[in-house]
Amino acid sequence: MHELSITESILEISLRHAAEAESEKITDIHLVIGQLSSIVDDSVQFYWDIISDGTAAQGAVLHFRRVRVEIECQACGESYHPEELDLSCPACGSRDIRVVAGEEFRLEAIEVE
Amino acid sequence: MKERIPIVEKILSANDHIAAQNKSALDLAGVLGLNFMASPGAGKTSLIEHTIKKLKDRLKLAVIDGDVATSIDADRAAAAGAQSVQINTGGECHLDAIMLQGALSELTLEEIDLLIVENVGNLICPASFQLGTHKSVLIASVPEGDDKPYKYPGMYRGVEALVINKVDLLPYVEFDMEYFQQGVEILNPGLVTFPLSCRTEEGLDAYLAWVEAEMEAHRRVVQ
């Protein structure tokens, strides 16, 4: 359900930037979503088709770029991509970690005509 | 002719911006804001009632309640002795910073020490929306089962304190505390945890001491 609020934000940001560029039609929207963000692509697409109707973004294609989780161990400096839920360091077992990538949740670019 | 416009804007930047404003408003008035999140029925409102009853002689409390419908929870908070505001989300599964901003405007923040925001009962969506509160508290409960950290990692990763409610039911339900806490430790190492029972009041004092300590620490920071 929270995909609706998120999709509304995507539409608002896209329309604002298109208006600033004096474009009348948005053809593509590029999203960057980290694997740790709980967003369902299909659900965003579903709401998108409804709420973009009648706007400059109607029919725009949503592109989802997923970013792998990357962790840096604060104890030994190891950098790794955890495959499982367990984010602890595979080298030294420490749980003192920093998430370097995987929490992204942003709009990277739009394409306009 | 197609043109690419780089943006690099956080999708929830509007929400985050309002959340920052909410936090400033709370800080200005010296209010500590706690965001209570849990699944439906975990005991958020019961814990809030106990918090009000035990601390109302020492702190001025207010509660903002988020629910899809009804004012049952805000009424319970008011009956326990706190100022209360109900937000009906009308179907939305979470509170966001804009809803909280509206509710804050109904309170006189200068007359409050501690604000508890009771989020909509849900272990997924509330984790994605910052409100501008200072600490997030997750209330788990024994009957929900010991697998919840594994199933809802986003929620368990993003909180500063964990209450495990209804520990008086441990003899009657299958709940492996070690397995549960192992899941918590994986996601949120060293998370401060309070096993307690709102019904028997076992373990409640440690949780209340934490709230008071957070209140003290917050006062020192904002002064």
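Every number in this text was worked out from the coordinates using simple rules, so none of it is lab data. Every value quoted in this text rests on a predicted model; they were computed, and no experiment measured them. Every residue, glycine among them, receives a Cβ derived from its backbone with ideal geometry; neighbour counts consider all protein chains shown.
Between the beta carbons of A:Leu85 and A:Glu22, assuming R0 = 56 Å, the FRET efficiency works out to 0.75 to the nearest 0.05. Each Lys and Arg contributes +1 and each Asp and Glu -1, all at the Cβ; summed about the Cα centre of chain A, the dipole is approximately 240 debye.
Inter-chain Cβ neighbour count for A:27-34, averaged per residue, equals 2 (cutoff 10 Å, partner chain atoms only).
Which order do the peptides A:16-26, A:76-86, B:155-165 come out in when sorted by mean C-beta neighbours inside 10 angstrom, highest first? Numbers along the way, then the final one.
Numbers: A:16-26: 14.7, A:76-86: 12.5, B:155-165: 21.8.
Ranking the peptides A:16-26, A:76-86, B:155-165 by packing returns B:155-165, A:16-26, A:76-86.
Applying 1/(1 + (r/R0)^6) with r as the Cβ-Cβ distance of B:Glu201 and B:Glu178 and R0 = 22 angstrom yields a FRET efficiency of 0.35.
Rounded, prolate or oblate, given the Cα gyration tensor of the range A:11-57, with a/c below 1.5 counting as rounded? Before the final figure, lay out each step's value.
Numbers: a/c = 3.01, a/b = 1.63, b/c = 1.84.
In terms of gyration-tensor shape, oblate.
Of interest is the spacing of the C-alpha centroids, which for the range A:62-113 and the range B:85-127 amounts to 30 Å.
Placing unit charges on C-beta atoms (Lys and Arg positive, Asp and Glu negative, everything else neutral), compute the dipole magnitude of the range B:99-174 about its Cα centre in debye, rounded to 20. Mind showing how you got there, number by number?
Details: 5 positive and 11 negative charges, 73 e Å.
Using only the charged Cβ atoms, the result is roughly 360 debye.
Percent of C-alpha pairs per 5 Å bin in the range B:131-223, short distances first: 3, 13, 23, 22, 19, 12, 5, 2, 1, 0. Take the Cβ atoms of B:Ser13 and B:Lys60, set R0 to 35 Å, and the FRET efficiency comes out at 0.55.
Compute, for the protein assembly as shown, the length of the dipole vector about the Cα centre, with Cβ point charges of +1 (Lys, Arg) and -1 (Asp, Glu) only. Units Debye, rounded to 20. Show your work: numbers first, answer last.
Numbers: 27 positive and 55 negative charges, 132 e Å.
Computed charge dipole of the protein assembly as shown: roughly 640 debye.
Pair-distance distribution P(r) for the range A:15-113, from all Cα-Cα distances in 5 Å bins starting at 0: 3, 12, 18, 16, 13, 10, 8, 8, 7, 4, 1 percent.
Got a sec? Charge dipole of the range B:174-223, +1 on Cβ for Lys and Arg, -1 for Asp and Glu; which of B:Leu208, B:Phe180, B:Gln223 is way out at the positive end? Most positive-ward Cα: B:Gln223.
Could you tell me what % of all Cα pairs in the range B:57-140 have separations over 21 Å? Each step should come with its number before you reach the end.
Numbers: 837 of 3486 pairs.
Every Cα pair in the range B:57-140 considered, those over 21 Å come to 24 percent.
The orientation-averaged projected area of the convex hull spanned by the Cα atoms of chain B comes to 14.7 nm².
Which shape class, rounded, prolate or oblate, goes with the range B:1-93 when its Cα gyration tensor gives a ≥ b ≥ c as root eigenvalues, a/c under 1.5 marks rounded, and past that a/b bigger than b/c marks prolate? List each step's numbers first, then the result.
Values: a/c = 3.30, a/b = 1.90, b/c = 1.74.
It comes out prolate by the Cα gyration axes.
Quick check: net charge around B:Ala80, other residues with Cβ under 9 Å of its Cβ, Lys/Arg +1 and Asp/Glu -1? That sum, taken over residues with Cβ under 9 Å, equals +2. One equal scatterer on each Cα of the protein assembly as shown, no solvent, Debye formula: the resulting log10 I(q)/I(0) at q = 0.08, 0.10, 0.11, 0.16 Å⁻¹ is -0.43, -0.67, -0.80, -1.38. What average count of beta carbons from other chains do you get within 10 Å of the Cβ of residues in A:11-19? Mean number of neighbouring Cβ atoms from other chains: 2.
Taking chain B as a Gaussian network, where each spring joins two C-alpha atoms under 10 Å apart, which residue of B:His94, B:His17, B:His50 fluctuates the most? Highest fluctuation of the listed residues: B:His17.
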